[in-house]
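First up is the structure itself, then whatever we jot down about it.
The values are calculated or read from the model by the stated rules, or taken from the named source; none is laboratory data. Just so we're clear, the structure is a prediction, and the values are computed from it rather than from any experiment. Cβ atoms come from the backbone with ideal geometry, glycine included; neighbour counts cover every protein chain shown. All accessible areas refer to the heavy atoms of the entire protein, side chains included, with ligands and DNA or RNA removed. Shrake-Rupley method; radii C 1.70, N 1.55, O 1.52, S 1.80 Å.
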Amino acid sequence: ETGVTQTPRHLVMGMTNKKSLKCEQHLGHNAMYWYKQSAKKPLELMFVYSLEERVENNSVPSRFSPECPNSSHLFLHLHTLQPEDSALYLCASSQATGSDYGYTFGSGTRLTVV
Amino acid sequence: QQQVKQSPQSLIVQKGGISIINCAYENTAFDYFPWYQQFPGKGPALLIAIRPDVSEKKEGRFTISFNKSAKQFSLHIMDSQPGDSATYFCAASRRMDSSYKLIFGSGTRLLVRP
């Protein structure tokens, strides 16, 4: 148990489907992040939420839509994805302030778009 | 633009040997340099981290060496064990208003042979 829980662990979806990824952290952190990890590219930052406000959208296509209803929960809503969006999607959390910069990652959701 | 360059891509070491992974960064505003370890099916986990005001940090068999003038840092794994076989990511971070932003290297896949 890393303190950051992601569900589902695996997801297969068609290009016309709509699905959502969920992340929950139990660490009392107030910043949350979505990263994409694929075989060909390093960990790519997608979105940053700090104190429940989106502070960064790293040029991510609009078919990915994040939602952060509170400091413990983060969602990634998916619609009309492409096969190249197949990847491991990782959620992380951290403190937004102070001197502790460490991220805690979840185990990820393995997404396959068919 | 890749702000953190990591090498080698893969590394094979005999049990008991020293594993060395190198990283270089470009942005002098970075002020926190962590290393993450990732096993298959898991998210990255923080291994060890250093700030630029020190040149070396050691935790057990893991040591970070930091060269601020060269903008380089490296991870040394002493007495490498088969259980150390994993993918290692260096990263660099700086404070961004109300959050931190971690930029990752491309990863090094380490295999320690028994």
Q. Buried accessible area for the B:A pair, summed, 1.4 Å probe, in Å² rounded to 100?
A. 1900
Q | Computed over segment B:1-99, Kirkwood Rh from alpha-carbon pairs, angstrom | A | 14.1
Q) Cα centroids of segment A:48-114 and segment B:75-109: how far apart, whole angstrom? A) 19
Q: Name the long-range amide H neighbours of B:Lys15: under 5 Å, sequence gap of 5 or more, or other chain; modelled H, no Pro or chain starts.
A: B:Arg113
Q | More than 31 Å apart - percent of Cα-Cα pairs taken over the protein assembly as shown | A | 21
**Q.** Table column - 3J(HN,Hα) (Hz), segment B:50-64, Karplus curve with 6.51, -1.76, 1.60, x for Gly and Pro
**A.** 9, 10, x, 8, 10, 9, 7, 9, 10, 9, x, 8, 9, 9, 9
Q: Run the numbers on chain B and let me know its relative contact order in percent, using alpha-carbon pairs under 8 Å that are six or more apart.
A: 36
Q) What cysteines in chain A have no other cysteine with a beta carbon less than 4.7 Å from their beta carbon? A) A:Cys68
Q.
I need the phi-derived Karplus couplings for segment B:15-32: 6.51 cos²θ - 1.76 cosθ + 1.60, θ = phi - 60°, integer Hz, Gly and Pro marked x.
A. 3, x, x, 9, 9, 10, 10, 10, 9, 9, 10, 10, 8, 6, 7, 4, 9, 7
Q. When Cβ neighbours within 10 Å are restricted to other protein chains, what is their mean count per residue of peptide B:87-93?
A. 2
